[in-house]
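This report refers to the structure that appears directly beneath it.
Values quoted throughout were computed directly from the atomic coordinates according to the rules given, and no laboratory measurement underlies them. All figures in this text were calculated on a predicted structure; none of them were measured in a lab. Note that each Cβ is placed from the backbone with ideal geometry, even for glycine, and that neighbours are counted across all protein chains shown.
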Amino acid sequence: MDRELKKVLDKWQAEPYEDRSLEQTLQKASEFCIHHEEMRMDATRFFINQMRFIRPHIWILKIGTAILLALVLPVGGQWANRWLWTLVSLASPLLCLVNVNELWECCCPGMLEFQLTAKHSLRQVVLVRMILFGLIDAVVFIVSAVTMSASGNGAAWQLLLYSLVPYLGMCLGCMAILIRCREDDAMAWCAGWGVMLALFFVMPQSVGVDVYGLDAVSVWLVLGAAALAGTVWQTMEFVKRSGGNVDEINTGTAV
Amino acid sequence: MFENRVTDRIIYDREYMDRLIRENYEEIYKYCWRHVRQRETAEDLTQEVFLRFLGNIDRYREYGRLRNYLYVTAGNLIRDYYRKKKELPMKDAARESVRSQGEPDYEKKEKGWAGSHEESAEIEQTLERIRIQTALDGLSAEERDLVILRYYQGLKIRDIAAVTGAPASTVRYRLKKAEDRLKRELCGGEANWTEN
């Protein structure tokens, strides 16, 4: 900046504005209704819109898992029955693991501040996503059960039992991890839990225990009930705390 | 990084919106005034700047400083204003702006009345204002805008580049050209000034 020129130019002073014009501007600004409520979507659109936010590869993985089951189940009779059921028990936690990442994104530390921009809270986003995933996974299980029954390799109730119990176990573990995990590698922890769950079903098989025999049905039912109860409990806790952890200041993760 | 939080706070916090307007009103007003040189028009344009900002707040993204965004809006409104209004010839514009700021009593001077020392000083100030305005009017619209942003609004080159949408090197070049011309007219031209 040329100081000599600045000195000369500064001789031309701006005429001061009147205070009433500022007050008028403030008045009009306050009357100026920012119709953000009109820009927001209603509940139905919000529900459907969540599908758009779930990334394509999640859908691909779910469809892939469903196709895998659809391809394997009809020809599963070629294997020993127990390994077929083992496959079913391993596939269902995978279905759950696919969902976890999408739920985790709503729970990252600091997400609470983004709630300020939304009519629908992160809690609602989490609930909607869980309902969506639940509905889709239910369809996958039902279709698999029907396929299994139609192929003659087993009863539908067997498929439902041997897939739902591991699925609920996976849900229980993932909810517990998402509630407690503060780091970005929550997915890795969930995957680790999935591996442990898989070992829980595979190891007895490998030492000759008939996990899928009729005698073990009561054990499955008890495990299923426990997993269901635990899942409901942890899911309620998770939903309550979703939105970036309302106590993040207390837990020291607030930036 | 946190610029979008400005829009969130404006939407939800009226006090913050008021504070934002108060903090930026004077600078935007001065910018408008230096272009249109009429107080009422500048006030109207300034009000329109803020109302337009609020009206388009859902489209606001991180454009750097908020005030730069307001300058861009003001510049667009000033251009619209001149498109609607036929620009007065340079001489008349200078007289018009002097009239709006208070004209010295030329009649008394013509009658030979010497007037007080203060009135002489006022006349000199007015003439100086006309000189500066005439020199600025001799620049192109882009150069004038650059000079106003740099010398009157105190913006840095990179901010001017953000406001005008031109690269920083282009801003420097045009500004240098404008400065040289103004210096010739204002700093080296005093001896050539005549009252007629």
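Here are some notes:
- Measuring between alpha carbons in the structure, the pairs from A:LYS11/B:LYS183; B:LYS156/B:LYS176; A:LYS6/B:LYS183; B:LYS30/B:LYS177 lying more than 20 angstrom apart are B:LYS30/B:LYS177.
- Residue-averaged beta-carbon neighbours from other chains (10 angstrom radius) around A:16-29: 6
- The string of couplings for segment B:162-168 from the Karplus curve (6.51, -1.76, 1.60, θ = phi - 60°) is 5, 6, 7, x, 9, x, 4 Hz, one whole number per residue in order, with x for Gly and Pro.
- Sites A:ASN49 and A:VAL143 - FRET efficiency at Förster radius 30 Å, r taken between beta-carbons, to 0.05: 0.70
- Across peptide B:152-162, the mean count of Cβ atoms from other chains lying within 10 Å of each residue's own Cβ comes to 1.
- Model label points for B:ALA166 and B:GLU119, set 7 angstrom from Cα along the Cα-to-Cβ axis, are 4.5 nm apart.
- Approximate spin-label separation A:SER30-A:ASP10, in nm, with each point projected 7 Å along Cα-to-Cβ: 3.7 nm
- The mean number of Cβ atoms from other chains found within 10 Å of a Cβ in peptide B:122-129 is 1, as a whole number.
- Fully extending the segment from A:TRP157 to A:ARG3, taken as 0.36 nm per residue of separation minus the present Cα-Cα distance, adds 46.6 nm.
- Per-residue Karplus couplings for segment A:159-175, computed as 6.51 cos²θ - 1.76 cosθ + 1.60 with θ equal to phi - 60°, are listed in order as 4, 4, 5, 6, 9, 5, 4, x, 4, 5, x, 5, 4, 4, x, 5, 4 Hz, Gly and Pro entered as x.
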